[in-house]
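J.: Right, I'll just put the structure down here and ask away after.
The values are calculated or read from the model by the stated rules, or taken from the named source; none is laboratory data. Just so it is clear, the structure is predicted and the values come from calculations on it, not from any experiment. Note that each Cβ is placed from the backbone with ideal geometry, even for glycine, and that neighbours are counted across all protein chains shown.
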């Protein structure tokens, strides 16, 4: 399988009309465009609403003013440049500012802007921080996509982390098995490296990003199989995105096909209200109903995902709804005092984010306690 050529200009896409290229170029000047020849071939160009097309091809609606660039306030948890430490056991390293393709609904699209310097090539400061914090047992490599990097560069990072004894799990967040399975199929040294740094008690997890079952073709399945044979633990996570997987049947098919190849579905994320994402976001309650509908199908092995929001204050799981109320629980909390906190609010069909139910106070750039009306059943937490 050949390594595909990258496509970074809309003028390179022959399936778009000249008029479309002119209109969409305005969007790509605001939010960067990147794809590759392999992924472009998965698109049904006769269908203007093709879900694979919607993953990477800009649409004019992205220019609508809505959302923030850093809606989850990742900057609050940046301890040294390139390292975030939000949850006690887990540190996140931004090791790259490039992906195999740029998802139009990306929540970190700020990394692909010219003036952003959050991702780092030199992780020395990050390693020193991890070394000094023995509570950190998990390190997530992300960005950008770490598998866009050469295996030698990636191995230098993994080797440095493996020298820190209290780190047991290294996670690699990647969409390359979907965007370009040739990255795995054509590089046996990547698989050798994974095997070298995976032991009985220290595992490498590959956090896959498959959004639609049509991305799971023979080449991507073979790539995943080779990662598994090398000893990597594979799981999948996806946001729920309008026009891509906002249908119970479509979502359950993704869950099913992932389970068939031994990949548990880990999280389904509510689309973050990032700048430019309005047309990709499904209102939260509608999204949760779609998620629940997907769980009525398939085997138990196919429906292990949790539906969550990566909020500034923590990972908030949606755990139920009645005709009048919606129920939340902190699956992970930046503040240990909120660990597993259960909350419920009056339903709001127009809500896209937790803040649409109850605002988060911010003072001096730090997330503060959630506003709770303790004397009213209209908005309660306990």
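J.: Regarding the range 176-186, can at least one residue be identified that is under 18 Å from the mean Cα position of the chain (by Cα), surrounded by fewer than 19 Cβ atoms within 10 Å (Cβ to Cβ) and within 22 Å of residue 258 (Cα to Cα)?
T.: The answer is no, given that none of the residues of the range 176-186 is under 18 Å from the mean Cα position of the chain (by Cα), surrounded by fewer than 19 Cβ atoms within 10 Å (Cβ to Cβ) and within 22 Å of residue 258 (Cα to Cα).
J.: If you don't mind, another one. Looking only at the range 305-313, decide whether some residue is surrounded by 18 or more Cβ atoms within 10 Å (Cβ to Cβ) and either more than 19 Å from residue 84 (Cβ to Cβ) or at pLDDT below 95 (or both).
T.: Looking through the range 305-313, at least one residue is surrounded by 18 or more Cβ atoms within 10 Å (Cβ to Cβ) and either more than 19 Å from residue 84 (Cβ to Cβ) or at pLDDT below 95 (or both).
J.: List every residue pair whose Cβ atoms lie under 7 Å apart, where the two residues are 6 or more positions apart in sequence or sit on different chains, the first residue falls within the range 330-341 and is over 20 Å from residue 307 (Cβ atoms), and the second residue, located anywhere, is surrounded by fewer than 18 Cβ atoms within 10 Å (Cβ to Cβ) and modelled with pLDDT under 95.
T.: none
J.: Read through the list (1) within 25 Å of residue 187 (Cβ to Cβ); (2) outside any loop (DSSP other than H, G, I, E, B), then give the number of the only condition that residue 269 fails.
T.: Condition (1) is where residue 269 drops out.
J.: Please name all residue pairs, on different chains or six or more residues apart, with Cβ atoms under 7 Å, provided the first residue is in the range 1-16 and is without any contact (Cβ under 8 Å) to a residue 40 or more places away in the chain and the second residue is part of a loop (DSSP other than H, G, I, E, B) and surrounded by fewer than 17 Cβ atoms within 10 Å (Cβ to Cβ).
T.: 15/45
J.: Can you name the residue in the range 226-237 that is touching a helix residue (DSSP H, G or I) at 6+ places or on another chain (Cβ under 7 Å) and in a strand (DSSP E or B) and, of all such residues, is surrounded by the most Cβ atoms within 10 Å (Cβ to Cβ)?
T.: 236
J.: Same structure, new question: All but one of (1) in contact (Cβ under 8 Å) with a residue 60 or more places away in the chain; (2) on the phi > 0 side of the Ramachandran plot hold for residue 212; state the number of the condition that does not hold.
T.: Of everything listed in (1) in contact (Cβ under 8 Å) with a residue 60 or more places away in the chain; (2) on the phi > 0 side of the Ramachandran plot, residue 212 misses just condition (2).
J.: Next up: For the range 207-225, name all the residues that are crowded, with 18+ Cβ neighbours inside 10 Å and either farther than 20 Å from residue 297 by Cα or within 15 Å of the chain's Cα centre (by Cα) (or both).
T.: Residues satisfying the conditions are 207, 208, 209, 210, 211, 212, 215, 220, 223, 224.
J.: For the range 251-277, give me each residue that is surrounded by fewer than 18 Cβ atoms within 10 Å (Cβ to Cβ) and more than 20 Å from residue 318 (Cα to Cα).
T.: 260, 261, 262
J.: Considering the range 280-336 alone, what residues qualify as being within 19 Å of residue 352 (Cβ to Cβ), out of contact with any helix residue (DSSP H, G or I) (no Cβ under 8 Å at 6 or more places or on another chain) and assigned to a loop (DSSP other than H, G, I, E, B)?
T.: 281, 283
J.: So, of the residues in the range 123-155 that are out of contact with any helix residue (DSSP H, G or I) (no Cβ under 7 Å at 6 or more places or on another chain), in a loop (DSSP other than H, G, I, E, B) and touching a residue at least 40 places away in the same chain (Cβ under 8 Å), which turns out to be surrounded by the fewest Cβ atoms within 10 Å (Cβ to Cβ)?
T.: Across the range 123-155, the extreme among qualifying residues is 135.
J.: Restricting attention to the range 159-175, which residues are touching a residue at least 24 places away in the same chain (Cβ under 8 Å), assigned to a loop (DSSP other than H, G, I, E, B) and over 23 Å from the mean Cα position of the chain (by Cα)?
T.: If the condition is that a residue be touching a residue at least 24 places away in the same chain (Cβ under 8 Å), assigned to a loop (DSSP other than H, G, I, E, B) and over 23 Å from the mean Cα position of the chain (by Cα), then 164, 166 are the ones that fit.
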